[in-house]
Amino acid sequence: MQSIQAVRGMNDILPDAVGWWRRVENAAREVLESFGYREVRTPLAEKLELFARSIGESTDIVEKEMYAFQDRNGEWIALRPEATASIVRSYIQHGLHSDSALRKLYEIGPMFRHERPQKGRYRQFHQIDAEAFGTDSPMIDAEMMHMLSLLVERIGISGVILHVNTLGCPECRQTYKEILKGFLKEKADLFCPDCVRRRETNPLRVFDCKVEKCQALLDRAPMLIDYVCRDCRAHFDAVKDYLDKLATRYEVNPRIVRGLDYYMRTTFEVISDRLGAQNAIGGGGRYNGLVRDLGGPDVAAIGFAIGVERLIMLLQQEREQILRAPRFFLVGLGEKPLEKAFLLLQQLRGRGLEAEMDYGGRSLKSQMRRADKSGARYVLILGENELVQRQIQVRDMLAGTQELLPLDAIVEGVEGLRD
Ligand code: HAM
């Protein structure tokens, strides 16, 4: 009989992987709580209307990706695609705003989106989500991004970039939308059909289009950041100023438009260049109108969410690199050079230098393939000619350069090479 498999895009987390999850969750709790965030746990399912009204009817999430169904009473229910809407609902429902206090809440748990599964993109995935209610101060925008950067760093991930933008307020965004629509109309026959449709439904989303031709056209599009009103500009300038003062590194990226409708003013994403197409580890922004739009008081708010699977993917990559990659890989071409490479290998190791080789002595091409796979920074290549001339080729795999060094002093020679 055929065995039953898990639902596509929904993964088991097996005992060997659980350690990574705990490490990430523990670090998140520690950092978030030290910034004054307190945990909430909201239901996995909510009324469909909550997500339609907050995330937006014409977003991809609501239009195409929702796990929605009618329950036995005929009520439309959806598995949560994100945590913000649920936390806002809970915040209003339980009157957490009543003492006018600043509320900082966080939640860790599974989310559901019916997307096409691929590396880093799943149908059940997990978020670490943080939300701060009750202040419009640019200080909290900066603190939030500072905390996000710190969290990523504390977990042990390097090489990520914080991209920051402002989406203005509904007023200045409306003015800009008309300008953008004008631009899109002018070039209507050059854009893909999706972008032409977005022009009417949600024009800002054209910036998220994956079609190269559209991206190239958008290089000349008017940018929202150049059209924001005085107050929004002042807010954004203050946020950047605080980020500088907190020594949080960031880049202004006017193309960060985000896929959810509730944002205004500050928006941000943390991007890694080591994740392939699904390169956003986390994202968020300010959403001042949402609490009011969902029936609560007019409370300012800002938040972000991090994708745990993507964090763990990076963490594993980084750890593997640390654990596995030797610094040197030796290649010997022919019997004598291979034997010499084998002896050199032991000498390097004797000096505490991590080195590896392909003992089989196969063709240059296949040895180089192994060298590449090993992740070694330097490959030492010894052929018959080099052996006679007492020289050895040293290739820097990172820089893509190669130089000939004296064979008899090679151990000392490679010790001083750059990291
Ligand atoms: P988001 O950008 O839709 O924002 O999702 C945040 C993060 O969740 C992404 O950067 C990514 O790491 C992860 N993620 C999203 N979809 C998937 C998926 N299908 N598979 C794996 N990981 C995924 C939000 O959800 C907002 N609620 C963030 C926020 C909080 N804004 C304000 N407060």
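The table that follows gives values for the structure above.
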| quantity | calculated |
| --- | --- |
| Residue within segment 100-110 that is touching a strand residue (DSSP E or B) at 6+ places or on another chain (Cβ under 6 Å), at pLDDT 95 or above, more than 9 Å from the ligand (Cβ to nearest atom) and open to solvent by 40 Å² or more (accessible area, probe 1.4 Å) present | yes |
| Those residues of segment 367-419 which are acidic (Asp, Glu) and under 13 Å from Phe328 (Cα atoms), in sequence order | Asp372, Asp396, Glu415, Asp419 |
| Candidates Leu387, Leu382, Leu398, Leu404 - the one that is at pLDDT 90 or above and open to solvent by 40 Å² or more (accessible area, probe 1.4 Å) | Leu404 |
| Subset of segment 235-286 [part of a helix (DSSP H, G or I) and of a type in the set (Val, Ile, Thr)] | Val239 |
| Every residue from segment 111-125 that is more than 8 Å from the ligand (Cβ to nearest atom), in contact with a Pro (Cβ under 8 Å, 6 or more places away or on another chain) and open to solvent by 30 Å² or more (accessible area, probe 1.4 Å) | Gln124 |
| Residue within segment 184-199 that is within 22 Å of Arg286 (Cα to Cα) and hydrophobic (A, V, I, L, M, F, W, C) present | no |
| Residue satisfying condition, being in the same structural domain as Ser158 (by TED's automatic domain parsing) and touching a residue at least 60 places away in the same chain (Cβ under 8 Å), within set Ala247, Ala234, Ala238 | Ala238 |
| Any hit, segment 76-92, residues being without any contact (Cβ under 8 Å) to a residue 12 or more places away in the chain and in the same structural domain as Asp298 (by TED's automatic domain parsing) | no |
| Those residues of segment 160-196 which are basic (Lys, Arg) and farther than 22 Å from Phe236 by Cα, in sequence order | Lys181, Lys185, Lys187 |
| Residues (open to solvent by 40 Å² or more (accessible area, probe 1.4 Å) and touching a helix residue (DSSP H, G or I) at 6+ places or on another chain (Cβ under 9 Å)) located in segment 138-159 | Met139, Glu143, His146, Leu150, Arg154, Ser158, Gly159 |
| Residue count, segment 280-316 (criterion: open to solvent by 20 Å² or more (accessible area, probe 1.4 Å), under 25 Å from Val24 (Cβ atoms) and touching a Leu at 6+ places or on another chain (Cβ under 9 Å)) | 2 |
| Subset of segment 72-88 (residues that are more than 20 Å from Val7 (Cα to Cα) and more than 13 Å from the ligand (Cβ to nearest atom)) | Arg72, Asn73, Gly74, Glu75, Trp76 |
| Counted residues, segment 240-270 - those being out of contact with any Leu (no Cβ under 6 Å at 6 or more places or on another chain) and either within 9 Å of the ligand (Cβ to nearest atom) or at positive phi (or both) | 6 |
| Residue match in segment 359-367 (condition: assigned to a strand (DSSP E or B) and under 28 Å from Gln317 (Cβ atoms)) | no |
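For (1) assigned by TED's automatic domain parsing to the domain that holds Arg113; (2) surrounded by fewer than 15 Cβ atoms within 10 Å (Cβ to Cβ); (3) touching a residue at least 60 places away in the same chain (Cβ under 8 Å); (4) among the hydroxyl-bearing types (Ser, Thr, Tyr), each residue gets a yes or a no:
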site: Arg8; (1), (2), (3), (4): no, yes, yes, no
site: Trp20; (1), (2), (3), (4): yes, no, yes, no
site: Asn26; (1), (2), (3), (4): yes, yes, no, no
site: Glu30; (1), (2), (3), (4): yes, yes, yes, no
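One line per residue, one yes/no per condition, for (1) modelled with pLDDT of 95 or more; (2) closer than 16 Å to Ser90 by Cβ; (3) touching a helix residue (DSSP H, G or I) at 6+ places or on another chain (Cβ under 9 Å):
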{"site": "Asp16", "(1), (2), (3)": "no, no, no"}
{"site": "Trp20", "(1), (2), (3)": "no, no, yes"}
{"site": "Phe35", "(1), (2), (3)": "yes, no, yes"}
{"site": "Glu39", "(1), (2), (3)": "yes, yes, yes"}
{"site": "Thr42", "(1), (2), (3)": "yes, yes, yes"}
{"site": "Glu46", "(1), (2), (3)": "yes, yes, yes"}
{"site": "Leu50", "(1), (2), (3)": "yes, yes, yes"}
{"site": "Glu57", "(1), (2), (3)": "no, no, yes"}
{"site": "Ile61", "(1), (2), (3)": "no, no, yes"}
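The values are calculated or read from the model by the stated rules, or taken from the named source; none is laboratory data. If you're wondering where the values come from, they're calculated on a predicted model, not measured in any experiment. A quick note on method: Cβ atoms are made from the backbone with ideal geometry, for glycine too, and the neighbour counts reach across all protein chains shown. All accessible areas refer to the heavy atoms of the entire protein, side chains included, with ligands and DNA or RNA removed. Shrake-Rupley method; radii C 1.70, N 1.55, O 1.52, S 1.80 Å.
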